[in-house]
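Below is one structure, written out as structure tokens; comments come after it.
Just so it is clear, none of the values below were taken in a lab; they were calculated from the coordinates. It should be emphasised that the depicted structure is a prediction, and the values quoted were computed from it without experimental measurement. Heads up, the Cβs are rebuilt from the backbone with ideal geometry, glycines too, and the neighbour counts pull from every protein chain shown.
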Amino acid sequence: MTAPCLLYSQESLSREGHAASPSQPGSHYDDVGSQSADSTVSTESIHQYPRLVPVRSTAPDPLRWGHLENLKRIGEGVFGTVFRAWDTSLEREVALKLCRRADDGSEDWSLLSLREARLLARIRHPNVVTVYGVDRHDGRQGVWMEYICGRTLATLLLQNGPLAAREAAVIGLDVCNAVAATHSFGLLHRDIKTKNVMREDGGRIVLLDFGLSQDLHDASLAGPASRIRGTPLYMAPELLRGERPSIQSDIFGIGVLLYHLVTGSYPANGRCLTEMSRIYERGDAKPLRDRRPGLPESFLWTIDRALSPQPSGRFATAGQMAQMLAASLLEDVSSVSSARYYAPKPASPLRSRCRSTPTGYSKRWDRRPPLPPSIGR
């Protein structure tokens, strides 16, 4: 039985579609989880969302939710709506994610929200978003977390274009550290992409959205997957085939993220999950060195290994990938130093003065002592 083919428009394939919510221009949590080409999908949602288009709520936005007030919508997606809010108890700004109600028999996102909060509560790392609490008010489950003033990598790429390899490696180093911390606490992220990573205004890189995260020690990981979940353009080939997620599938997602940061494209572009899977099976994925020649060799090797079609060919841990990215940064610095060392030396000041003199010799050579009085009389 072939995998179901989830179609999305060619327009969404040719662009990221990360525009901020109209209600909040320049939103920092723009278009969170919307259903586009790089959005989270599930095979169980085919009958509900046959076309991958954003789902907009028609209900009016609440002005208050529990002890959080002054709610302002900054993003909306499949799982729910994200608001910027004021925490009256702690007197600080927070980001509030309110889940959708499961009134139509669809999956109960509130359970996923509660699960996400409990999983995130385990992690304490500067590159992972901090959750403050979870509660239920007015029939809606909500999770509030730190509000990050910055831009997602998707917005950064949309506004500035592809990044240099060095800048991408620095970002990738922080992402690898965040994912390594997540794995050390026994969790898989499962949805690593540019829309789920933010760069704070101060430069800090923060990994967001653990809505699809899964416990590494979950016994259900041993059998075949009952559903395909994730973002198609970032999913590892084994996930497209319906196999279980693993540490190596998260590493594949980091590889696609870095590939996308330096090219603005993806290793594989397909109209549906089936096409994506066939591209990897045929070996038609576009290597990074063909998409953008001239990048540092160590950076290219790191991305190639992270994007290996077989999980065994990838890095064993996110920490190993972080070490290789750090090595690529050192190689970049050494190459710049070598270029400076072997640069041609400038002309000496004496020769420069000689060239500037019309007669071809230095003026100081004309400062000859006067002739004795007996000569020349």
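Below, the figures for the structure above:
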{"item": "Rel. contact order, % - alpha carbon contacts under 8 angstrom, at least six apart, region 152-335", "result": "26"}
{"item": "Ranked His260, His183, criterion: other C-beta atoms within 10 Å, fewest first", "result": "His183, His260"}
{"item": "Computed FRET value (nearest 0.05) for Thr130 with Glu331, which takes r as the C-beta separation and R₀ as 56 Å", "result": "0.95"}
{"item": "Computed FRET value (nearest 0.05) for Glu91 with Leu216, which takes r as the C-beta separation and R₀ as 45 Å", "result": "0.75"}
{"item": "Ranked Thr88, Thr81, criterion: other C-beta atoms within 10 Å, fewest first", "result": "Thr88, Thr81"}
{"item": "Sequence-distant residues sharing a close amide H with Arg244 (under 5 Å, placed H)", "result": "Ala225"}
{"item": "Region 149-194 and region 271-319: distance between their alpha carbon centers, rounded to Å", "result": "17"}
{"item": "Separation in nanometres of the label points that stand 7 Å from Cα toward Cβ, at Asp304 and Lys286", "result": "1.8"}
{"item": "Ranked Ser89, Ser246, criterion: other C-beta atoms within 10 Å, fewest first", "result": "Ser89, Ser246"}
{"item": "Point-to-point label distance, Cys149-Lys72, nm (Cα→Cβ direction, 7 Å offset)", "result": "1.2"}
{"item": "Extension gain from Arg271 to Gln320, taking 0.36 nm per residue of separation minus the Cα-Cα distance", "result": "14.3 nm"}
